[in-house]
Amino acid sequence: IFFSTINPKLTIKTFLKLKKFFLYKKEPKIKYFEYNSKLRNWNINFNFQNKFEEFLSKELPKIIPKSVIEAYKHYIKEINIHHKLNAKNIYLTTSGLNDVSKILISEQLKKKTKVINFQHGGNYGFIKNYTSEEHEIKNSDIFLTFGWGKKNILPTLNNINCKIKKLVPLDFPKIIKKERKDLSNKLLFVLPHFEFYSFANINESYPIYYEKLILIDQIAEIFNSLDSKIFKEIEVRFHPSDKISVKKYLISKIKNNIKIIDAYNENFPVSFNKYSLCISLYPGTSFLQTLYMDIPTLVFFDTKIWKIRNQSKGILNILKKNKIYFNDEKEMAKFINNSMDINKWWNYPRTKNAVNHFNTLFANNKNIENKYMNFIKTTI
């Protein structure tokens, strides 16, 4: 059973070849329930040591989601009537599930169903601490990566029972070489998410609080260090969730006009293919996508803000030596200003070796169909 659409074309093809069947399960809908203070009139029973712990024991019952207090009995009844399943494996990407789906999956776990989770973006296996990675692996029997194995796992997860399986980014598009001939000189800058998370803790390995302001200044410095003649070739993609106020704040710091493209109207990541060079200003999904698609790629991020796992530092240094990764704003701008033949640089043997080495771990694009086939065959 699939709770997430994971490359439907390849999945259908693979299961048909194996003469097996799968079900794509649409998520049950969340329903509205009134808040019932009577149901929450209890304290968590533990021996609190101070006033704060006493406060938590009284207040936490009041803020538990309604799906597991007021609505729980209703959802269990609905699941037993309308969503009776007897699945051997459930495939999903955890982050997108609603509460009813989580209850449904919890009920399936009583029947010894295995949860198979797919990596669904960047940062996994790469940055120092990543809460999504930790949460998803802890709640899975099998976790499928884009290519990295147990050597890159978070130290806190070394003793878990979840099996880490090397696979590929199943939903990344492959690009036919002939489609990239006679390209324009357009450059695409992909910006990180600037939303300020007031609840993030200081142990996160990506920018929080004031670090976002530092990040905005660094990005403005890159644009302001570029030759003005380059700006007519530049297009900028903000994260779809960023607010207009944040965009205006960054734009106010840039001397020249930049063309902003609508992230909702563009077919990402396929549209990356129309650019001669893609520049990611953070170590996220777009960076992996363009390297996987063999599109000339640059990436900038400051490792004082985006903290990197020790196991990742060696491969990052290889990218740096080959002018793919930069941690200095002016150095990156200088490289872009030199207007060298991008394809010539990208096809240098040493550049290719660096990209292939990185892709093997973090965006593997080799033998996709065979790897998926072998995994499904051994799993079912």
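Overview of results
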| item | result |
| --- | --- |
| In degrees, nearest ten, helix 72-82 long axis to first principal axis of the chain (Cα) | 80 |
| Cβ-based net charge around F48, under 15 Å, with every Lys or Arg adding one and every Asp or Glu removing one | -1 |
| Tensor-based shape of segment 222-283 (alpha-carbon gyration tensor, a/c under 1.5 rounded, otherwise prolate or oblate) | oblate |
| Choice from L277, L319, L18 showing the highest fluctuation, given a GNM over the chain with Cα pairs closer than 10 Å | L18 |
| Spin-label model distance (nm) - D328 vs K73, 7 Å beyond Cα toward Cβ | 6.8 |
| Rounded, prolate or oblate (a/c below 1.5 giving rounded, otherwise prolate when a/b exceeds b/c) for segment 16-101 by Cα gyration tensor | prolate |
| Under DSSP loop assignment and at most 13 Cβ neighbours within 10 Å, longest chymotrypsin sites (Phe, Trp or Tyr not before Pro)-free interval of the chain | 47-196 |
| Separation of the N47 and I318 label points, Cα + 7 Å toward Cβ, nm | 5.4 |
| At 0.692 mPa s and 37 °C, Stokes diffusion of the chain via Kirkwood alpha-carbon radius, µm² per second | 140 |
| Solvent-free Debye scattering, log10 I(q)/I(0), computed from the Cα coordinates of segment 54-190 at q = 0.15, 0.16, 0.19 Å⁻¹ | -0.92, -0.99, -1.14 |
| FRET efficiency, 1/(1 + (r/R0)^6) with R0 51 Å, evaluated for T379 and R40 via beta carbons | 0.80 |
| Fully extended contour minus Cα-Cα distance, from E59 to K9, at 0.36 nm per residue | 13.2 nm |
| Convex hull volume per residue for segment 1-56, taking Cα atoms only, in Å³ | 199 |
| Accessible area expressed per residue, the chain, with surrounding protein chains retained (probe 1.4 Å, Å²) | 55 |
| Between segment 4-67 and segment 122-148, the alpha-carbon center distance in angstrom | 19 |
| H82/S241 FRET efficiency (R0 30 Å; Cβ-Cβ; nearest 0.05) | 0.35 |
| On Cα atoms only, tilt of 99-109 relative to the major axis of the chain in degrees | 70 |
| Highest-MSF residue in the chain out of V270, V299, V115 [GNM, Cα springs under 10 Å] | V270 |
| Segment 292-380: trypsin sites (Lys or Arg not before Pro) falling in loop per DSSP and having at most 12 other Cβ within 10 Å | K304, K366 |
| Antiparallel bridges, percent of DSSP beta bridges restricted to the chain (to nearest 5) | 5 |
| Those trypsin sites (Lys or Arg not before Pro) in segment 1-82 that DSSP places in a loop and that have at most 14 other beta carbons within 10 Å | K19, K20, K26, K29, K31 |
| Gyration tensor verdict on segment 263-350 (Cα atoms; rounded if a/c is under 1.5, prolate if a/b is larger than b/c, oblate otherwise) | oblate |
| Tilt relative to the chain, helix 368-379 - C-alpha long axis, 0 to 90 degrees, to 10 | 20 |
| Value of [θ]222 nm, deg cm²/dmol, for the chain, DSSP H segments ≥ 4, -39500 (n - 2.57) each, nearest 500 | -10500 deg cm²/dmol |
| Sparse-neighbour loop sites [GluC sites (Glu not before Pro); segment 210-259; at most 16 other C-beta within 10 Å; DSSP] | none |
| Accessible surface of the chain [probe 1.4 Å, protein heavy atoms]: carbon and sulfur percent | 52 |
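The values are calculated or read from the model by the stated rules, or taken from the named source; none is laboratory data. These numbers come from a predicted model, not from an experiment. Every residue, glycine among them, receives a Cβ derived from its backbone with ideal geometry; neighbour counts consider all protein chains shown. SASA here: full protein model, heavy atoms, side chains in, ligands and nucleic acids out. Shrake-Rupley method; radii C 1.70, N 1.55, O 1.52, S 1.80 Å.
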